Amino acid sequence: MSTLEYASSGSVGVIGKEAGLPETGMKIELNGPAAAGKTVNRKSGGEASGTQKRLLSLLCFALIIGFWCAASYGHWVQEVFLPTPTAVLSRIVSMAKDGSLFAHCRESIARVMVGWIWSVIVALPMGMLMANSKRFSAFVQPIIEFARYLPVVALVPLTLLYLGIAESQKYTIIFLGTFFQLVLMVCDTVSEVDSNMINAARTLGAGRFQVYKSVIFPAALPGLMDDFRLTIGWAWTYLVVAEMVAASNGLGFMILRSQRYLATDTIFAGLILIGLIGLVTDWIFRILSRIVAPWQERLGDRK
Amino acid sequence: MSDAVKLSVRNLERVFGEGGSSVTALRDVNLEVRESEFVMIVGPSGCGKTTLINIIGGLDRQTSGEVLLDGKPIDGPGADRGMVFQGYSLFPWLTVRKNVEFGLRMKNVPPKEREEAAMRYIQLVGLEGFEDALPKQLSGGMKQRVAIARTLANEPEVLLMDEPFGALDAQTRVVMQELLAGIRRRTSATILFITHDIDEAVLLGDRVYVMSRRPGTVRDVLDVEIPGERGHNSLVLPEFLEVKKRIMDMLWKESSDAAMDR
Ligand SMILES: Nc1ncnc2c1ncn2[C@@H]1O[C@H](COP(=O)(O)OP(=O)(O)OP(=O)(O)O)[C@@H](O)[C@H]1O
Ligand SMILES: [Mg+2]
């Protein structure tokens, strides 16, 4: 019985992971120079076997940037629609000088962190409970499944009505956008913990709480780190949604305001920055999971 | 050997599911393990051996009947009944030593004491020098040694082993059997051991319970009396072969009955 239930919630979790399209979609288009930087980073510590792959991904970014250069410098596209790389760069530099760049980034990062951390704080224990208690799972699963399919954008008017344009409104949007997915992902990851290990712990005298703390949590940790990494990516998407609707600072706001003044160079700068921050976050998570679970052989290592 | 009964299973029944689709895995199972006794259970695949040992270990619940440890009914899993499973169940994030210490840590034994105990049991299973290795660095046989040390470090009243060597290759298996026989001589542990390997049953056991096919029940009990210290040389002794033949006949009859029913 319980196996069946886990299996079904598991498949739902997988769908949840696939639903992470906003993140992936953004990265592919926006992260040209940023990702190129990361690839160079990797190269210094990498192995020969990965060289070819790295060259290929470098080539991809080089092509995109090359195409961008050709299209903008060659005036295939009007400058208002596609700024030149130099224009975008100098925009970034000037914003960095007057301090507005840092301020916008700081606001956005703070919002993402608060909203996302709340989502983790609530989702982690709930997901662990769902995976291990059929009753609790039966109690909360339907509402979570229901909420999961509500597009967060559709909830924006309500959050504005209830919370106004306060910071809490942005946190709420990010929370709503990530929480329901994360609960199911945590539940899925935790149910995948080998039951042999749990049984061994119980016959070694571990109590219920000890099993959670000393077996289930450490065993699930590498998977949980992946779940966190994915959801923080989505948190960025929802942040931009929140900042475009009602904010007076932050990267999303910066992009929206620039549209009014046809400042495409600032829009591009904003997009590149969001992509960059996303990449750095991703990279931090990969390092973190290597630190917290050095015993694990991860798929990512072989990519 | 003392004659005190350590573990007894009375009229045990386990039915999985309800109504028309229910499966009776165990019916009217009775068995006893005396103090310091090495008791084996053999039986055809699917006859309910794992179900039985899981119920004794407290990981599953019987439909009716009782399991008594030192005369008291068991309630859920506990450190008094240590289990070793067929699959590797080590905690991959802990070193060999920390794995062996796990049960003591759960009991809040002070670090110094549990480290000493761990080292003792690591030596007992012949893994000195590997204290700080991670499970992923060990071979299958070594992993099972750690699992045995981890269970013994808890000093359980009974050791429950469900085909612990089933996943090992033939040579490693023989080494592990001799290791377990040696540990048993030194610690006089009480052991209930499941296997479908008849040689293993006769080689290690003081007594062998033979189970019938599903619904599993005890078909017969045999005392194994083989002169001298047991080791792989015992495999060719006439006393050994005699017991082995009796078990084989019984199991053969079980499977031919099953064939006739179909
Ligand atoms: N959780 C369960 N739900 C339903 N049926 C079960 C469950 N666990 C075991 N069974 C059934 O009970 C019977 C006994 O299973 P068990 O695993 O105890 O056999 P076994 O003797 O250990 O077999 P093997 O030698 O293959 O390990 C089998 O027919 C099995 O299908
Ligand atoms: Mg079995």
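Worth a mention:
- Once the Cβ-Cβ distance of A:Ser90 and A:Arg260 is raised to the sixth power relative to R0 = 35 Å, the FRET efficiency obtained is 0.95.
- Note: relative contact order over chain B, using C-alpha pairs below 8 Å and six or more positions apart, is 25 percent.
- Length added when fully stretched, A:Leu160-A:Gln52, from 0.36 nm per residue minus Cα-Cα: 33.9 nm
- Heavy atoms of A:Tyr149: accessible area, 1.4 Å probe, square angstrom to 10: 150
- Fraction of accessible area attributable to carbon and sulfur, chain B (%, probe 1.4 Å): 48
- Calculated SAXS-style log₁₀ I(q)/I(0) at q = 0.23, 0.26 Å⁻¹ - the stretch B:131-189, Debye, Cα scatterers: -1.05, -1.24
- Kirkwood hydrodynamic radius of the protein assembly as shown, from the reciprocal of the average inverse Cα-Cα distance over all distinct pairs: 28.0 Å.
- Accessible area per residue for the stretch A:122-221 is 45 Å², calculated with a 1.4 Å probe on protein heavy atoms, without ligands, DNA or RNA.
- Förster radius 22 Å - calculated FRET efficiency between A:Arg148 and A:Trp118, Cβ distance, rounded to 0.05: 0.80
- For the peptide A:202-213, the mean number of other protein chain Cβ atoms found within 10 angstrom of a residue's Cβ is 6.
- Interface B:A - total buried accessible surface [probe 1.4 Å, Å², rounded to 100]: 1800
- Reciprocal of mean inverse Cα separation for chain B (Kirkwood radius, Å): 19.2
- Rough spin-label spacing in nm, given labels placed 7 Å along Cα→Cβ, for A:Lys213 and B:Met248: 5.4
- Share antiparallel - DSSP beta bridges, chain B, percent rounded to 5: 55
- Per-residue mean of foreign Cβ neighbours for B:33-46 is 0 (Cβ atoms of other chains, 10 Å radius).
- Simple Cβ-charge dipole of the stretch A:185-294, Lys/Arg +1 and Asp/Glu -1, about Cα centre, in debye nearest 20: 260
- To the nearest 10, the accessible area of A:Arg290 is 120 Å² with a 1.4 Å probe.
- Charge dipole (Cα centre; +1 on Lys/Arg Cβ, -1 on Asp/Glu Cβ; no other charges) of the protein assembly as shown amounts to roughly 1680 debye.
- Secondary structure note: in the protein assembly as shown, about 55% of the DSSP beta bridges are antiparallel.
- Assigned charges on the beta-carbon of Lys, Arg, Asp, Glu; the stretch B:1-88 dipole about Cα centre (debye): 180
- Above-threshold pairs, the threshold being 20 Å between Cα atoms, out of A:Lys213/B:Lys107; B:Lys6/B:Lys98; B:Lys49/B:Lys143: B:Lys6/B:Lys98; B:Lys49/B:Lys143
- Averaged over peptide B:87-96, the number of partner chain Cβ atoms lying within 10 Å of each residue's Cβ comes to 5.
- Inter-label distance for A:Glu192 and A:Phe67, nm, one decimal - labels placed 7 Å from Cα along Cα-to-Cβ: 3.3
- The accessible-area loss of the stretch B:58-82 on complex formation, taken against its chain alone with a 1.4 Å probe, reaches 40 Å² or more at B:Leu59, B:Pro77.
- Among B:Glu157, B:Glu18, B:Glu37: highest mean-square fluctuation, GNM of chain B, C-alpha pairs under 10 Å: B:Glu18
- Karplus 3J(HN,Hα) series, Hz, for the stretch A:255-268 with 6.51 cos²θ - 1.76 cosθ + 1.60 (x for Gly, Pro): 5, 5, 5, 5, 4, 4, 9, 6, 8, 4, 4, 5, 4, 4
- Chain B - mean residue ellipticity at 222 nm from DSSP helices (-39,500 (n - 2.57) per run, n ≥ 4, rounded to 500): -12000 deg cm²/dmol
- Averaging 1/r over each pair of different alpha-carbon atoms in the stretch A:85-301 and inverting the result gives 19.2 Å, the Kirkwood hydrodynamic radius.
- Only one residue of A:Tyr238, A:Gln259, A:Asn196 has its Cα farthest out toward the positive end of the dipole of the stretch A:163-303, where Lys and Arg carry +1 and Asp and Glu -1 on Cβ, and that residue is A:Asn196.
- For the stretch A:78-132 and the stretch B:20-92, distance of Cα centres in Å: 56
The values are calculated or read from the model by the stated rules, or taken from the named source; none is laboratory data. No experiment lies behind these values; they were computed from the predicted model shown. Neighbour counts run over all protein chains shown; Cβ positions are idealised from the backbone, glycine included. When the accessible area is computed, the model is the full protein with side chains, heavy atoms only, and any ligands, DNA or RNA have been set aside. Shrake-Rupley method; radii C 1.70, N 1.55, O 1.52, S 1.80 Å.
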